[in-house]
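Bear in mind that the values in this text are calculations on the coordinates, not laboratory data. The shown structure was predicted, so the numbers you read here are calculated from the model rather than taken from an experiment. In this analysis, Cβ positions are derived from the backbone assuming ideal geometry, glycine residues included, and neighbour counts consider all displayed protein chains.
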Amino acid sequence: MLKTITKNIMDHLPENLHLTEEEIASLKGNTDFFLAIAEGLIKSFYDTLYSNEFARSIFKEGERPVREASFKDWVVKTLSGNFDNDYWYWQAYVGILHIKRQVPNHLMIFMMGMVNDYVLREARKRIKPEELDTFSSAWIKLTMIVLALIAESYHYFYLQAITNVTGIKTQLLDNMVKTDVDKLLKENAKYRL
Amino acid sequence: MKNLLEILEVLVHKAQAESALLVSEDGLVIESFGAENDNLTGVLTASLLSVAGRFAEEIRQSELDHLYLQTGKGFVLFRMIKDGISLCLITQPGTKLGLAIMYLEKYSKQLREEL
């Protein structure tokens, strides 16, 4: 199922938003850059996360070093991988982990924004100007695909768990939503442009 | 669908009910008689029967056959017809349960033949 979901999401990715060979080469060619900024990035990431009471509550006491090591693993595996199907399945799997840990998508999106800001700021300081455009495009494309896979697999598997436990099939869930969505729009009509 | 509608109409009158609906397992209404908000009733019927069916499967290792709800304003009876299609009969306050069940069974057979 993870493979099917990943394929469905990747099939919706417009052709010009796929990583090109040149962009993959740019990411891999800057492994040293990533390793150089990894420590600062990871510290900044968890400092930011732990500064919010809700985000902090997701973690157990003493868990931060374990999560920091996982983040570093992600960086290393990302740069040593081939951005092939197995890599994308792994990203979609993170969506299921987020359900287990109750990490909501909005928090994940906030933090991906923080990561992008950090990486691109450092890139402007450290990467040759003639490479910067390709590198920035590659990084943005990569993280947006990862974001889509995590968020969509979270949403899909969340619903799948409801379907598995209650027997309510996806088509029925869709019809339930259709029945209610007009009421929701009406209730919130003041926000309509 | 004329026959289905006719059967539902006769069922509602004979069982002294308010309304009757035939609903797919996706919650779409196939036919209804007397129902006011049949889109909502359709999805509620299908979701109730999905959960009840899952309960029967997991807890009794069996298939759901029918489901009766008793409310302060009468009964709501559900009967599996065929191929995931179910019949929902909403009675009036004071409708006798035995009468409603008798006609529910009788017309379920006719609906099964029509579908």
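Before moving on, here are some points about what is shown:
- Using a Förster distance of 22 Å, the FRET efficiency for A:Asn188-B:Val51 (Cβ separation, nearest 0.05): 0.15
- Long-range Cα-Cα pairs in the protein assembly as shown (distance over 30 Å), rounded percent: 53
- Over chain B, relative contact order from alpha-carbon pairs under 8 Å, at least 6 apart, %: 28
- Separation of the B:Glu113 and A:Ser51 label points, Cα + 7 Å toward Cβ, nm: 7.5
- Using a cut-off of 32 Å between Cα atoms, the listed pairs A:Lys169/B:Lys109; A:Lys72/A:Lys100; A:Lys3/A:Lys141; A:Lys100/A:Lys190 include A:Lys100/A:Lys190 as exceeding that distance.
- Scattering curve values for the stretch B:2-114, log₁₀ I(q)/I(0), Debye with Cα scatterers, q = 0.13, 0.17, 0.21 Å⁻¹: -0.43, -0.74, -1.14
- In straight-distance terms, cross-link reach from A:Lys186 covers every one of the lysines whose alpha-carbon lies under 23 Å from its own, apart from those fewer than eight places away in the same chain; here that gives A:Lys178.
- For chain A, the longest principal axis of the Cα atoms and the long axis of helix A:85-101 meet at an angle of about 60 degrees.
- Potential lengthening between A:Val76 and A:Glu61 on full extension [0.36 nm per residue; Cα-Cα distance subtracted]: 2.8 nm
- Shown is the FRET efficiency for A:Lys100 and B:Glu36, computed with R0 = 45 Å from the Cβ-Cβ distance and rounded to the nearest 0.05: 0.60.
- Once the mean of 1/r is taken over each pair of separate Cα atoms and inverted, the stretch A:97-193 shows a Kirkwood hydrodynamic radius of 16.8 Å.
- Tilt relative to chain A, helix A:105-126 - C-alpha long axis, 0 to 90 degrees, to 10: 20
- For chain A, averaging the sequence separation of C-alpha pairs within contact (under 8 Å, six or more residues apart) and dividing by the residue count gives a relative contact order of 34 percent.
- Helix A:2-11 vs. chain A, principal-axis angle (Cα, 0 to 90°, nearest 10): 80
- Helical contribution to [θ] at 222 nm, DSSP H n ≥ 4, -39,500 (n - 2.57), averaged over chain A, rounded to 500: -27000 deg cm²/dmol
- Averaged over A:169-181, number of beta-carbon atoms from partner chains that fall within 10 Å: 5
- Gap separating the Cα centres of the stretch B:64-92 and the stretch A:94-116, nearest whole Å: 42
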